[in-house]
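To keep things clear, I will list the structure first and then write my remarks on it.
The values are calculated or read from the model by the stated rules, or taken from the named source; none is laboratory data. The structure presented is a predicted model; accordingly, all values stated were derived computationally and were not measured. Here the Cβ positions follow ideal geometry from the backbone for every residue, glycine too, while neighbour counts run over all protein chains shown. All accessible areas refer to the heavy atoms of the entire protein, side chains included, with ligands and DNA or RNA removed. Shrake-Rupley method; radii C 1.70, N 1.55, O 1.52, S 1.80 Å.
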Amino acid sequence: MPLDVTPAQTPCRLHAPALVCPLGDDLSTIAARLFDGQHGLVRNDEYTPGRPLWLGTVTTPLPDDGDWPARHRSRNNRLLDAAFARLRPTLDDYLASHPGARLGVVLGTSTSGIGETETAVAHRAASGQWPEPFHYCRHEIGAASDFLAWRLATERPDIRLITAYTLSTACTSSAKALASARRMLKAGLCDAVIAGGADSLCGLTVNGFAALEAVSDEPCRPFAEDRDGINLGEGAALFLVTAEPGGVQLSGCGETSDAHHISAPRPDGMGALEAMRAALEMAGLGPDQIDYLNLHGTATRQNDSMESRAVAQAFPDGVACGSTKSLTGHTLGACGALEAAFCWLAMHHNRRPPHPHAADPQLPALSLCGSDTTPATEVRRTLTNAFAFGGNNIALVMERAP
């Protein structure tokens, strides 16, 4: 059943996002590539020797973690730190005008630092010894929020950090972090929350999805007739979320769990449909008021089939929509916050990201932006979907203040 559909009362402002992803590391570059449909995929066989795959690899130089405590040294945390560096001016401005503000941290991830542990396990198998320095905590799921709490305490010991925790619900993780931030503000637990997530490419995820026969050998084609699987990606996306009016508001969250199957989505899309309806209800909006829908759109046959059915029912009169995963790959635990950031950019620039692939005629018809020749006169309200293993579904509604 949907969770908490009480209409929003407490403002929930999403300040400008801080991103490090396959499209770049500053908002102007990312926006330019997003709206021009320029992908950030590269082809290599780093994780699948002999089988080159298209991957959404972050090529931005990342911070050196050589002087960090061993427990924090991982690519996942380096991605987070790069994003946090871009969020810091927004955070500093907020804290300067809100002295004594109570801050929370809630992040989503699915890989954490497991990539470094893969390397360490291989070293131990070859030598009989763990490499120096090695610390198992860096691959714990909670490592992301533990790292950011450490970073905050190191740089700003004056900060009143109330709580820091990590969510791991596969591909909905960072979207659920944003929903959790909204609940924390509404409950009066915090005045501001750093929310988002990060995931890094590693052998576990690439080979795991390959074992599920869910990975494409070509650039992925969401909702296309010849779609045959995902491309995997990595990145980090952070927002400062505050209980302030104006700007872009997170006005609706819909969360469901249909528990249909451990990895396959429920074919009729009922869980996804209920999540979208709950998000719209919480925001007090009708489906005809959404200007852009960011589809989860993984390019697997089952997900796209399910999602098209759900969208056709949730938006019977149609809605401009598209998937951005052909540009970034599927960034797993980071995708919910990253694609919320793409919606933030769509509202900021009054533009919809194009969807480059023609729709599968066997699916319910969708108003994909790539085939929509009508210019966007205003993109003020958006909805983004994220779906995960185990039937975990979430939809977020965001609105730009007039």
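According to a simple spin-label model (label point 7 Å from Cα along Cα-to-Cβ), what is the distance in nm between residue 212 and residue 129?
With each label placed 7 Å out from Cα toward Cβ, I get 3.9 nm.
Roughly speaking, to the nearest percent, how much of region 258-318's 1.4 Å accessible area is carbon and sulfur?
48
Which residues among region 80-94 fall inside the zone where the amide N is under 13 Å from a point 7 Å beyond the Cα of residue 150, along Cα→Cβ?
Those under the cut-off are 81.
How much of the DSSP beta bridge set in the chain is antiparallel, as a percent to the nearest 5?
60
Lys/Arg Cβ at +1, Asp/Glu Cβ at -1, dipole of region 1-153 taken about the Cα centre: which of 12, 47, 147 is farthest positive-ward?
Result: 12.
For the chain, how big is Rg over Rh, using alpha carbon atoms and the Kirkwood form of Rh?
Here Rg/Rh amounts to 0.95.
What whole number of Å gives the distance from the Cα centroid of region 139-208 to the Cα centroid of region 341-402?
25
Can you tell me the FRET efficiency between residue 302 and residue 183 if r is taken as the Cβ-Cβ distance and R0 is 41 Å, rounded to the nearest 0.05?
Between residue 302 and residue 183 the formula returns 0.85.
Return the long-range amide H neighbours of residue 192 (sequence gap of 5 or more, or a different chain), with a cut-off of under 5 Å between placed amide H atoms.
Here the answer is 102, 104, since their amide H atoms fall under 5 Å of that of residue 192.
Using a Gaussian network model of the chain whose springs link C-alpha atoms within less than 10 Å, name the residue from 187, 334, 365 with the highest mean-square fluctuation.
Judging by the Gaussian network model, the answer is 187.
Could you rank the peptides 253-266, 106-119 by their average count of other C-beta atoms within 10 Å per residue, with the highest value first?
Ranked by mean Cβ neighbours within 10 Å, highest first: 106-119, 253-266.
Between residue 365 and residue 44, what's the calculated FRET efficiency when r is the beta-carbon distance and R0 is 41 Å? Round to 0.05.
It comes out at approximately 0.65.
Could you give the dipole magnitude of the chain about its Cα centre, charging the beta-carbon of Lys and Arg +1 and that of Asp and Glu -1, in debye to the nearest 20?
Here the size comes out at about 620 debye.
Tell me the mean residue ellipticity at 222 nm calculated for the chain from its helices only (DSSP H runs of n ≥ 4, each -39500 (n - 2.57), averaged over every residue, nearest 500).
After summing the helix terms and dividing by residue count, I get -10000 deg cm²/dmol.
If each of residue 137 and residue 121 carries a label point 7 Å out from its Cα toward its Cβ, how far apart are those two points in nm?
Going from the residue 137 label point to the residue 121 one covers 2.2 nm.
Could you grab the relative contact order for the chain? Cα pairs under 8 Å, six or more apart, rounded to a whole percent.
RCO, the chain: 24 percent.
Have a look at 155, 225, 281 and tell me which one the Gaussian network model of the chain (Cα, springs below 10 Å) gives the largest fluctuation.
155
Kindly report the accessible area of region 292-373 per residue (heavy atoms of protein chains, probe 1.4 Å, no ligands, DNA or RNA), in Å².
31
When DSSP beta bridges are limited to those with both residues in region 180-336, what percentage is antiparallel, rounded to the nearest 5?
Percentage antiparallel, nearest 5: 65.
Positive end of the dipole of the chain, charges at C-beta (+1 Lys, Arg; -1 Asp, Glu), about the Cα centre: which of 115, 72, 181 has its Cα farthest in that direction?
181
Tally up the carbon and sulfur contribution to the accessible surface of region 56-121 as a whole percent, 1.4 Å probe, everything protein left in place.
Within region 56-121, the accessible surface is 52 percent carbon and sulfur.
From the phi of every residue in region 246-259, what ³J(HN,Hα) in whole Hz does the Karplus formula 6.51 cos²θ - 1.76 cosθ + 1.60 yield, where θ is phi - 60° and glycine or proline is x?
Ordered by residue, 3J(HN,Hα) equals x, x, 9, 9, 7, 9, x, 9, x, 10, 9, 9, 8, 6 Hz.
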